[in-house]
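Laboratory data are not the source of any read-out in this text; all were calculated from the coordinates shown. Nothing here was measured: the structure is a model prediction, and the numbers come from that model. Note that each Cβ is placed from the backbone with ideal geometry, even for glycine, and that neighbours are counted across all protein chains shown.
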Amino acid sequence: MRIPLKDYRELLWRYLAPQRIRVLLLGLLLCADIALQLINPQFLRTFIDTITSSGPQPVLLGLAILFIIVALVQQLVTIAATYISERLAWIATNALRADLALHLVRMDMSFHKVHTPGEMIERVDGDVTNMANFFSQFVIKILGGLLLLLGILVILWYTEWHVGLALSVFAIIALISINAARGIAIKPWKAFRQTSAELFGFWRSACAAPRTSAPAERSRILCAACSCLHANVSERADGHVSSHPFPGACPSFSLPRPI
């Protein structure tokens, strides 16, 4: 199921609007980082051209110093952009965690009887943590890479339009191919996150149930739990998604309810 872009915009606006200043600062740092990455190779090109044309040595020294300074500034800008993106992602996703937790608290008991506490914790914390990591990496690597690609193509068109045309066609084909292949990973990743949530709920029940049991009973329960877990994971790895959650994936085995 494809989510409309409107929902993405509403989600981003809701959790990023309170962080407008950080978002603006991150955008400025990202643009500065891209600009420095595009400018610095021009100094190197001038340096090489000056050497091949037997230019004056003071000019070469100045270009080398300028190249090093720009490279250092670029590293500082990259570190600052990474810090702000991580900070922004965690603040936004912490607010999302609070909203999800409040939503779960307001659900009726029929929902809580179906979903274990471990599964809900993994959904609220694990899934949202993946979103935080994705957001921070998306801004720095994906969005920054696209801006850098556009800048490189502009410079190539200005310098040598034949090269710019060839690389532009290649970039368009590559982007279309990547976008077309993007949907391949959606279904397996969704199944993986569901399995991970059920796994946490399973182990929470497995660890909480034997507290009042004898040592031999605890050993039997945990061994049977490991066997059922291995069977369920293998079934999902083969592409057969079980209709049972982890605690009941093995019909011959059931955990005692914790007191």
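Just order 21-28, 166-173 by mean Cβ neighbour count inside 10 Å, highest at the front, would you? The partial results should precede the final answer.
Numbers: 21-28: 14.5, 166-173: 12.2.
Result, highest mean first: 21-28, 166-173.
Report the extension gain between Ala180 and Leu66 in nm, rounded to one decimal, defined as 0.36 nm multiplied by the number of residues separating them, less their alpha carbon distance.
Values: separation 114, 0.36 × 114 = 41.04 nm, distance 4.25 nm.
Taking 0.36 nm per residue and subtracting the Cα distance, the gain is 36.8 nm.
Among 85-92, 141-148, 34-41, how do they line up by average Cβ neighbours within 10 Å per residue, starting with the highest?
Details: 85-92: 19.4, 141-148: 14.4, 34-41: 17.0.
Going by the mean number of other Cβ atoms within 10 Å, highest first, we get 85-92, 34-41, 141-148.
Students often check this: by mean Cβ neighbours within 10 Å, which of 102-112, 73-83 ranks highest, and how do the rest follow? Provide the component values of the computation, followed by the final result.
On the way: 102-112: 9.8, 73-83: 15.7.
Result, highest mean Cβ count within 10 Å first: 73-83, 102-112.
Short version: ³J(HN,Hα) in whole Hz for each residue of the range 89-99, in order, from phi by Karplus 6.51 cos²θ - 1.76 cosθ + 1.60 (θ = phi - 60°), x for Gly and Pro, what are they?
5, 6, 5, 5, 6, 5, 5, 5, 4, 4, 5
Under the Karplus relation 6.51 cos²θ - 1.76 cosθ + 1.60, θ = phi - 60°, what is the ordered set of whole-Hz ³J(HN,Hα) values for the range 180-188, x standing for Gly and Pro?
5, 7, 4, x, 5, 8, 5, 5, x
Can you tell me, using C-alpha contacts under 8 Å and at least 6 residues apart, the relative contact order of the range 5-159 as a whole percent?
Values: 80 pairs, mean separation 51.1, N = 155.
Once divided by the residue count of the range 5-159, the mean separation gives 33 percent.
Which Rg and Dmax, in Å, describe the Cα atoms of the range 5-159?
Rg then Dmax for the range 5-159, in Å: 23.0, 82.
Straight-line reach from Lys113: which lysines have a Cα under 25 Å away, not including same-chain ones fewer than 8 places off?
Filter leaves Lys190.
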